[in-house]
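Every read-out reported here was derived from the displayed coordinates using simple, explicitly stated rules and does not represent laboratory data. This one's a predicted model, so the numbers in the text were calculated from it and none came from an experiment. Here the Cβ positions follow ideal geometry from the backbone for every residue, glycine too, while neighbour counts run over all protein chains shown.
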Amino acid sequence: MADARIIHHDSDELIPISALTQYAYCPRRCALIHIEQIWEENRFTAEGRIMHEHVHEEGDESRGDVRIERGVALRSLKLGLTGKADVVEYHRQPDGSWQAFPVEYKRGKPKPDDSDKVQLCAQAMCLEEMLNVSIPAGALFYGKTRRRLDVDFDETLRQETQYVAKKAHELIESGQTPKPVYAKRCESCSLVAECMPRTIQKKRSVESYLKRMLDET
Ligand code: SF4
């Protein structure tokens, strides 16, 4: 993996944690949303939004050895991120201390890529910086499977999260939207109509074909 060193950011340089999820899913989607300010809702994004709103509305509570805080504001100057955690659980330890454990709610099922894990790890790294604690694990709750997936914040995932945060910053600061690359992920992307991945890709192949022909003649 490329250089993932941490740089300290000013508070006016922070980008939303969600930009990392978008970048890990597709850099062009990240640019369309955060550079071009384009947003379109589809069934998947609407269901996800409603699920997050519902979780945040439930408020804080205590259940035995677990304290639950919802809609927790997050910030990291190391990663240059700001955002909100759906849920942060605090588990009472045998020595009486409380171990933070972030939980992020997702509408669907576990994805083949690491975008959800990167988002959750970014939340944990924000909490570590804010609370000056160490957070070894958290969980993703998927609405479709109604199951929690435990996520260890190991060194590999932390490096990947730092790398994605750095790349998302570079992309947004560049102001340049990358060209589309059509892939299976486009079928569930809410921005497919604005992005036009197939049309633009086809146009680019025709243009490069014509250029090759002209160069040869
Ligand atoms: S339609 Fe495909 S290429 Fe375009 S932003 Fe969405 S995922 Fe990326």
Could you work out [θ]222 nm for the chain from helices alone, using -39500 (n - 2.57) per DSSP H run of at least four and dividing by all its residues? Round to the nearest 500 deg cm²/dmol.
-13500 deg cm²/dmol
Out of S62, S76, S134, any idea which swings most in a Gaussian network model of the chain, alpha carbons joined below 10 Å?
S62
On a straight-distance basis, which lysines could pair with K84 in a cross-link, Cα separation under 25 angstrom, same-chain partners fewer than 8 positions away excluded?
K106, K109, K111, K117, K144, K166, K167
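Could you order peptides 83-92, 66-75 by the average number of other Cβ atoms within 10 Å of their residues, highest first?
Values: 83-92: 18.9, 66-75: 15.8.
Ranked by mean Cβ neighbours within 10 Å, highest first: 83-92, 66-75.
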So the FRET efficiency between N132 and N42, C-beta based with R0 = 41 Å and rounded to 0.05, is 0.55
Stretched fully, the stretch from E194 through D150 gains (0.36 nm per residue minus C-alpha distance, one decimal, in nm) 12.3 nm
For the residues F44, F141, what sequence is obtained by ranking on other C-beta atoms within 10 Å, fewest first?
F44, F141
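Compute, for the chain, the length of the dipole vector about the Cα centre, with Cβ point charges of +1 (Lys, Arg) and -1 (Asp, Glu) only. Units Debye, rounded to 20.
1060 debye
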Go ahead and set up a Gaussian network model of the chain, Cα springs under 10 Å, then flag whichever of T82, T45, T21 fluctuates most.
T45
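What's the exposure ranking of K106, K167, going from fewest to most Cβ atoms within 10 Å? Write out the running numbers ahead of the final one.
Numbers: K106 23, K167 17.
Neighbour counts put them in this order, fewest first: K167, K106.
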Measure off 7 Å from each Cα along the Cα-to-Cβ vector at Q201 and K179, then give the distance between these two points in nanometres to one decimal.
1.2 nm
Estimate the FRET efficiency between H8 and H91 by the formula 1/(1 + (r/R0)^6), using the beta-carbon distance for r and 30 Å for R0, to the nearest 0.05.
0.50
